[in-house]
């Protein structure tokens, strides 16, 4: 089992749609969680951190379920500019530094 | 405040040559991370360095790869005797404190092509 697994995608949605990505992680000791966005052939950029209480930033909502070891990202009212690959990122503190990126889920938003 | 800088942006090498990739962290950042991304795959952690120290190199291949972050100058990822399988995008990131507590800022990457 991979340490961080994401929906395989790609997701093809029309503008205005709501889309949800899920991510599961295997290490119950994981301490911090993030969603990054990566545009084609560009560097990843932090989209938002994920907290147990959930957090919202405009059209984006991230949630963490520690009991089930999964993280979600919800995008409401999709825009064409949301088209990108979304990366789930988990930090494990044990055994030294270890940041694990999921393989990413590609989103295509169509007009 | 300049972001993370990497050079070269594109690097072409023939099999057996050496590749040297450079990364200048964001001003004020002392934590540097190197990642490799193969086509259509996620980022794989390679090594974490602070000034003059390798903190975690658990993601580095055992042979041909080395990294340093000297007291002065950029961090260097060095690949000796490159093979075609080394072709990938190599991203450097930096943070002001330990990642996990602090956001990592990524450079634009170096795309290595081995002929």
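Laboratory data are not the source of any read-out in this text; all were calculated from the coordinates shown. Since the structure is predicted, the reported quantities are computational estimates derived from the model, not experimental observations. Don't worry about glycine lacking a Cβ; one is built from the backbone with ideal geometry, like all the others, and counts go over all protein chains shown.
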### Message
With Kirkwood's inverse mean 1/r over C-alpha pairs for Rh, give me the Rg to Rh ratio of segment A:9-67, two decimals please.
### Response
0.98
### Task
Using a 10 Å cut-off on Cβ to Cβ distances, tally the other chain neighbours for every residue of A:40-46 and report the average as a whole number.
6
### Message
If you average the alpha carbon positions of segment B:1-38 and of segment B:51-84, how far apart do those two centres end up, in angstrom?
### Response
10
### Query
Can you pull the percent of Cα pairs in chain B with separation above 18 Å?
45
### Task
Please report, in Å, the Rg and the Dmax of the protein assembly as shown, where both are computed over Cα atoms only.
17.7, 52
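At a Förster radius of 45 Å, what calculated FRET efficiency corresponds to the Cβ-Cβ distance of residue B:15 and residue A:27, to the nearest 0.05? Mind showing how you got there, number by number?
Working: r = 37 Å, r/R0 = 0.83.
It comes out at approximately 0.75.
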## Note on the structure
When A:48, B:5 are arranged by how many other beta-carbons sit within 10 Å of their Cβ, fewest first, they go B:5, A:48
### Message
Which of A:52, B:66 has the fewest other C-beta atoms within 10 Å, and how do the rest follow up to the most?
### Response
A:52, B:66
### Query
Considering every residue in B:74-85, what mean count of other chain Cβ atoms within 10 Å of its Cβ is obtained?
0
